[in-house]
Amino acid sequence: MKLNAGGVTSRLWLVAVFAFLYLPIVTLAVLSFNDSSVITRWGGWTLRWYEDLAQDVEIISGFKLSLKIAFLTACSSVVLGTLAALALTRFKRFTGRTFFVGMVMPEVIIGLSLLLMLVSIQRTFGMPERGMLTIWIGHTLLGMAYATVVVQSRLQEMSPQLEEAAQDLGCRPWQVFFLVTLPLISQAIGSAWLLTFTLSLDDVVLSAFLSGPGSTTMPITIFSRARLGLSPSVNAVAALTVAVVSVGVLIASVWMSQAERRRAKEMSAAARGLT
């Protein structure tokens with residue numbers, strides 16, 4: 001009976017956590033079909049907010065800019081984060097290791113420090129202007145720290161004997177990385193890419209510090225409108241964003257699952273061949 005009671009309690013806690021996480025998102029998606037302009041009052045089902053959204057040039061341009069920056073941020077963060085994770089894992093002691101470990105900083109500190117640095121550089125050299133480039137730099141600096149943590153956790157679990165065996169068989173260091181290390185950490189890299197993409201897509205603080213005229217991202221546009229009163233069209237934007245991110249996560253999860261099963265089959269086949 002105690003086991004059953006414990007199992008029921010665990011399930012209730014699980015349901016409560018999922019409800020806390022996903023009920024607001026479901027409510028937001030439902031309200032995006034609300035015919036009433038007052039969010040707190042239900043007026044029936046409608047698609048007019050999506051029709052208005054299709055004609056909202058400011059939101060569309062901000063969404064396109066956010067997608068571009070998020071894609072570039074995810075790619076650059078994964079590359080730099082993987083290199084940093086390799087350095088932290090392979091070299092236990094080196095100058096600046098403490099700085100590497102403390103890379104995760106509050107966004108306000110990162111945004112303010114970058115803003116001051118970029119203003120000084122702009123006054124000296126006349127560039128860069130605040131815009132897409134500066135936002136991308138700021139998002140990469142933030143995303144690299146998260147990517148490093150994700151990839152480093154996978155590298156620490158990986159057996160170094162696999163790389164040593166490849167070197168004993170004549171592989172050069174770059175061959176060991178691309179043929180052994182990279183396939184084994186591919187799932188962690190995929191997870192880091194999705195994480196940094198999502199962080200960049202909905203970032204407000206860094207974008208507010210580093211954006212300039214003509215480079216307003218979608219989160220900044222939504223935030224500026226929210227201060228004047230939320231419109232149901234904002235719910236439509238949020239619902240579409242959740243849908244896009246969910247589809248991307250689902251596709252990536254299926255791909256990583258298939259890759260893992262394929263790699264497990266190849267390893268078992270190789271083990272049978274050795275025996």
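Would you mind putting 252-258, 216-222 in packing order, based on average other-beta-carbon counts within 10 Å, highest first?
216-222, 252-258
Over the range 36-95, with every protein chain in place, what whole percent of the accessible area is carbon and sulfur at 1.4 Å, could you tell me? Write out the running numbers ahead of the final one.
Details: 2420 of 3720 Å².
Reported share for carbon and sulfur atoms: 65 percent.
Please calculate how many Å² of accessible area the chain carries per residue, with a 1.4 Å probe and no DNA, RNA or ligand atoms counted.
On a per-residue basis, 63 Å².
Regarding the range 195-268, what is the average projected area of its C-alpha convex hull, in nm²?
Projected area, direction-averaged: 6.7 nm².
Using Cα pairs under 8 angstrom and six or more residues apart, how large is the relative contact order of the chain, in percent? Each step should come with its number before you reach the end.
On the way: 262 pairs, mean separation 84.1, N = 275.
Worked out over the chain, it gives 31 percent.
Just want to confirm a number: the relative contact order over the range 139-275, from Cα pairs under 8 angstrom separated by 6+ residues, in percent. Each step should come with its number before you reach the end.
Values: 50 pairs, mean separation 34.4, N = 137.
It rounds to 25 percent for the range 139-275.
Which of the DSSP-defined H helices in the chain satisfy a minimum axial length of 15 Å, computed from C-alpha atoms, and a minimum mean Kyte-Doolittle hydropathy of 0.5?
Helices meeting the criterion: 2-31, 57-90, 107-125, 132-157, 186-201, 232-274.
From the P(r) of the chain, could you give the percentage of C-alpha pairs in the tail past 23 Å?
66
Would you work out which of Gly43, Leu21, Leu65 lies farthest towards the positive end of the dipole of the range 1-88? Charges go on Cβ: Lys and Arg +1, Asp and Glu -1.
Result: Leu21, furthest along the dipole toward the positive end.
Per the 1.4 Å probe, what fraction of the accessible area of the range 184-275, in percent, lies on carbon and sulfur atoms?
Percent of accessible area from carbon and sulfur atoms in the range 184-275: 69.
Alpha carbon centre of the range 218-270 versus the range 27-92: separation in Å?
Using only Cα atoms to place each centre, the spacing works out to 9 Å.
Quick check: Cα centre of the range 111-167 to Cα centre of the range 183-212, how many Å?
Between the Cα centres of the range 111-167 and the range 183-212 lies a distance of 10 Å.
The values are calculated or read from the model by the stated rules, or taken from the named source; none is laboratory data. Everything numeric in this text was worked out from a predicted model, so none of it was measured. So basically every Cβ, Gly included, is an ideal-geometry build from the backbone, and we count neighbours across all protein chains shown. Side chains included, ligands, DNA and RNA excluded: accessible areas come from the protein's heavy atoms. Shrake-Rupley method; radii C 1.70, N 1.55, O 1.52, S 1.80 Å.
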